[in-house]
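Data first, discussion second: the structure below is written as structure tokens.
The values are calculated or read from the model by the stated rules, or taken from the named source; none is laboratory data. Since the model is a prediction, treat every value here as computed from it, not as a measurement. Cβ: placed from backbone, ideal geometry, glycine included. Neighbour counts: every protein chain shown.
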Amino acid sequence: MSEFAERVVAWQTAHGRRDLPWQGTRDPYRVWLSEIMLQQTQVATVVDYYARFLQRFPDVANLAAAPLADVMRLWAGLGYYSRARNLHACARRVVTEHGGEFPRDAQALARLPGIGRSTAAAIAAFCFGERAAILDGNVKRVLARHFGIEGFPGAAAVERRLWQLAGELLPQRRAMPAYTQGLMDLGATVCTRARPRCEVCPVAPTCVALRTRRVTELPAPRPRKPVPTRRVQMLIAVHDGAVLVEERPPAGVWGGLLALPQFDSAAALRAALRALADGARARRLPARRHAFTHFTLEFTPHVVRLARIAQRAAEPGAVWLPLVQIESAALPTPIRALLRDVRSALAAPQAARARHTPAVAPPKREERHDKETRR
């Protein structure tokens, strides 16, 4: 074993994380699920989603048999929704092409939807002890600092060098699970992007970045490019306690989720509103912004309460979602937050009217003046 690998394995055995819900198992389904969820998502966020997914889909057969809409609904809020679509597609491939059993080597795993080279290696190492190198974002940072690798890790030439290093450092087969977990733990808890804890790092004695005082400079950041802003108009049409939503196309932003009808211009939104309820006028709300990886979405909501709707408004893929169901529906996080605010705003006038409506006194009982009463 290389000195680097030996130090990582020893450190992981003594100080690595042990309380994560997907640890202590060699079940490839559970390891695969955790690895997909952890892509570009923090552990603290994943834990609850992981538990809910296992409760609803305890094995790959259950996941493969479920409608995609159920998977998207459970994934809502976790972000990067192509992962959920690939998760479902991968489960179906495992069931239909592999008899419900995950392949046992990294190369075969990497051919499945949504499983890249690093994720395949992690599954193979944890579940089958294969000597396969991982290279996620955290590991790139560890190797770039330790070996003084210049350049942005996402650049092709730099990434090739890092993959070469990752392969050269692999320990013997029996140490692979501890080494793989150790690299992950090291990048997540010690060799962090900001405020790294070099004083407790097991490989600090041989770290080039530490020796040359370049820990904050390595790895080099992604070259900055202007982030474009896309501006759209969104219609919040409320009718009979429900809001009009539509299923987004499978590919693209919020693919497969429910979202508000979206338009490139206010004129297009008004035309759609006329088709929905002739003569209706929507109230414009302040614009909101949501940052994606490659652009920022600025959306201006327009809210309207409709007493009646036209039959011709029933567009394919559009549904009236009860406002009481927005917490459980497959909605993107910013849309859910917007609808929460709208629901509260709509409820406020009703509550105010209820508070200021005077209590109606019970009708007085009529006095009877017949002979029986006078007696």
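One table, with the values for the structure above:
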item: Single residue of Cys191, Cys198 found to be within 25 Å of the chain's Cα centre (by Cα) and farther than 17 Å from Met1 by Cα; result: Cys191
item: Residue match in the range 171-190 (condition: of a type in the set (Asp, Glu) and surrounded by 12 or more Cβ atoms within 10 Å (Cβ to Cβ)); result: yes
item: Boolean, Pro250 is closer than 19 Å to Arg340 by Cα and either touching a His at 6+ places or on another chain (Cβ under 6 Å) or not assigned by TED's automatic domain parsing to the domain that holds Ala76 (or both); result: no
item: Breaking point among (1) under 25 Å from Ala122 (Cα atoms); (2) under 23 Å from the mean Cα position of the chain (by Cα); (3) of a type in the set (Ser, Thr, Tyr), for Thr180; result: (2)
item: Per-region count, the range 176-197, residues assigned to a helix (DSSP H, G or I) and under 18 Å from Ser118 (Cβ atoms); result: 13
item: Residue satisfying all of: in the range 191-215; basic (Lys, Arg) and in contact (Cβ under 8 Å) with a residue 40 or more places away in the chain; surrounded by the most Cβ atoms within 10 Å (Cβ to Cβ) among these; result: Arg214
item: Which numbered condition Ala318 fails, given (1) within 27 Å of Tyr81 (Cβ to Cβ); (2) at pLDDT 90 or above; result: (2)
item: Selection from the range 131-161 of residues that are of a type in the set (D, E, K, R) and either buried (at least 20 other Cβ atoms within 10 Å of the Cβ) or within 25 Å of Ala89 (Cα to Cα) (or both); result: Asp136, Lys140, Arg141, Arg145
item: Matching entry among Ala121, Ala65, Ala108 (being aliphatic (A, V, I, L, M), over 28 Å from Ala291 (Cα atoms), modelled with pLDDT of 95 or more and surrounded by 22 or more Cβ atoms within 10 Å (Cβ to Cβ)); result: Ala121
item: Whichever residue in the range 81-100 is under 17 Å from Ile123 (Cα atoms) and in contact (Cβ under 8 Å) with a residue 12 or more places away in the chain and, among such residues, is surrounded by the most Cβ atoms within 10 Å (Cβ to Cβ); result: Ala91
item: Lone unmet requirement of (1) outside any helix (DSSP H, G or I); (2) touching a Leu at 6+ places or on another chain (Cβ under 6 Å); (3) not small (Gly, Ala, Ser) for His88; result: (1)
item: Residues located in the range 110-127, provided they are touching a residue at least 60 places away in the same chain (Cβ under 8 Å) and part of a helix (DSSP H, G or I); result: Thr119, Ala122, Ile123, Phe126, Cys127
item: The range 216-240, residues that are surrounded by fewer than 18 Cβ atoms within 10 Å (Cβ to Cβ) and over 30 Å from Leu258 (Cα atoms); result: Thr216, Glu217, Ala220, Pro221, Arg222, Pro223, Arg224, Lys225
item: Residue among Asp70, Asp48, Asp59 that is among the acidic types (Asp, Glu), within 14 Å of the chain's Cα centre (by Cα) and over 19 Å from Gly116 (Cβ atoms); result: Asp48
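This table checks each residue for (1) over 20 Å from Gln40 (Cα atoms); (2) β-branched (Val, Ile, Thr).
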position: Ala120; (1), (2): no, no
position: Ile134; (1), (2): no, yes
position: Ala144; (1), (2): no, no
position: Gly148; (1), (2): yes, no
position: Ala157; (1), (2): yes, no
position: Arg161; (1), (2): yes, no
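Rundown of residues vs (1) crowded, with 17+ Cβ neighbours inside 10 Å; (2) touching a Ser or Thr at 6+ places or on another chain (Cβ under 9 Å); (3) touching a residue at least 40 places away in the same chain (Cβ under 8 Å), yes/no style:
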position	(1), (2), (3)
Leu244	yes, no, yes
Glu247	yes, no, yes
Phe263	yes, no, no
Ala266	no, yes, no
Arg274	no, no, no
Phe299	yes, no, yes
